Amino acid sequence: MELYAWIDLHSNNNVLVVLDESDRVIYQKRLHNVLAEIAAALASCGGAIKGVAVESTFNWYWLVDGLQEVGHKVHLVNTAAVKQYDGLKYSGDFSDARHLAHLLQLGILPEGYIYPREERAVRDLLRKRSQLVRTRTTQILSIQNLLARNLAIQASGNLIKSWQDTNIDALELLPEQKMALKSNLALMHCVDEQITLLEKAILAKGKLKSEYKSLRTVSGIGEVLALTIALETGELTRFAAPGKFASYARTVNSRRESNGKKKGEGNTKCGNKFLAWAFVEAAHFAVRYDPVIARFYQKKCAKSLSVVAIKAVAHKLARACYHVMKKSEPFDVRRAFG
C-alpha cells in the first residue's frame, strides 16, 4: 500500500495526515514537535511512505533534516504557490493537510528547494554577517546623528570606525552625551570583531565553491557579493533559464496588463531578497568602476529614473552571472552590455 504524508508545521506542534492511493485517510493527529514521535507515527501507518510533504515555515530545518536522515523522501512545499478554492466555507489544519497530501499524491504539489544541510549552515552564517553589518551601521548612524545635533559636525563612517574613547573625550560635549557615544562606539567595535571572525570562517568555506572564482570576474562583484550570490543560488540546475534566475533575484519587472494597459503589479517580493540586495549592490559598484556599464546606465537614466536604470543594470548582471556560473567562464562585459 502506497502512502502519502503531509505535515502542517507550527511553532510548538504539527498536524500529520497520511493518505493512501485512493485518498482514504489512514492517519491524522496533532503531534508534539518531537522528531522521534513523528517518525514513530509514520512507521505505524503500515505502508510504504512514497513521500512526506512539509510546509515551508520558519522552523522547518530540524524536521526536514531529521526525516531525511531516517530515510524518508521529503518535499518542501511552496505554500505561497498553493491555492485552494476561494469559496470554501471551512478551512483548518486537518482539511489543509488532506488537500496538500492529495496534491502530493497527484504529483502536482508546488515545491521549494531543500538546501543541503552543510552548505545551508555556511549560507546562514553569511546572513548572520549581514545582520551584524546592519547593527554596526545602526551604531555609526546613531553617532553621526548625535554629533550633528549637538556640534553640527559631519563625521564620515570610516572616520568613526577608527575612533577610540580618547577621541570622544576630546569633543565639547556633556558627560552624558559622551557616555552615549562611548556606548555606541563599544557596540560598534564589538560587532566589528565578530564580523571579522565570521568573514574568516565564511571565506574558508565559500571559496571552495567553483562558482566563486568565476563570479569574481564580474564587474562590481567582490568577495562578499560573490559569496552571497554563490551561496544564495544553491544548485544552479534548478533554474531552467537565465530569466528564471533573474526573476528569483527580483530583478525583473512585476506588472499585470490587460489590453495593453497596466492593471496592477504582481508579487514583487517573490524571490530571494539576499540575491536582490547583492545584484543591486553590484550594479552600484559596476556603474562606478566599469566604463562600459556606466555608459549603459547613463543611457537608461536619460529615458527613466536612476533607480530604474540601476535595476536594469542589476538585471543584466543577474543574467550574466547565470551564464558565468553555468559555464565556469570569465565575465565578458561586451557580451552582457555591448
Checklist entry - Could you list, in sequence order, the residues of the stretch 176-218 that are modelled with pLDDT of 90 or more and in a loop (DSSP other than H, G, I, E, B)? => result R216, T217, V218
Next on the checklist: Given the criterion surrounded by fewer than 21 Cβ atoms within 10 Å (Cβ to Cβ), more than 24 Å from K207 (Cβ to Cβ), of a type outside the set (D, E, K, R) and assigned by TED's automatic domain parsing to the domain that holds A246, identify the matching residue among S328, S306.
Outcome noted: S306
Next on the checklist: Going by what's in this entry, would L63 be described as within 27 Å of the chain's Cα centre (by Cα) and assigned to a strand (DSSP E or B)?
Outcome noted: no
Item to check | 1 or more residues without any contact (Cβ under 8 Å) to a residue 24 or more places away in the chain and at negative phi: qualifying strands (runs of 3 or more DSSP E) within the stretch 1-46 | outcome: 13-20, 25-32
Checklist entry - Would you pick out the residues in the stretch 108-126 that are outside any helix (DSSP H, G or I) and either under 18 Å from V224 (Cβ atoms) or not β-branched (V, I, T) (or both)? => result L109, P110, E111, G112, Y113, Y115, P116
Next on the checklist: Here's a check for you: in the stretch 47-60, which residue that is among the hydrophobic types (A, V, I, L, M, F, W, C) and in a strand (DSSP E or B) is nearest to the chain's Cα centre (by Cα)?
Outcome noted: V54
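The values are calculated or read from the model by the stated rules, or taken from the named source; none is laboratory data. Everything numeric in this text was worked out from a predicted model, so none of it was measured. Cβ sites come from the backbone with ideal geometry, for glycine too, and all protein chains shown count toward neighbours.
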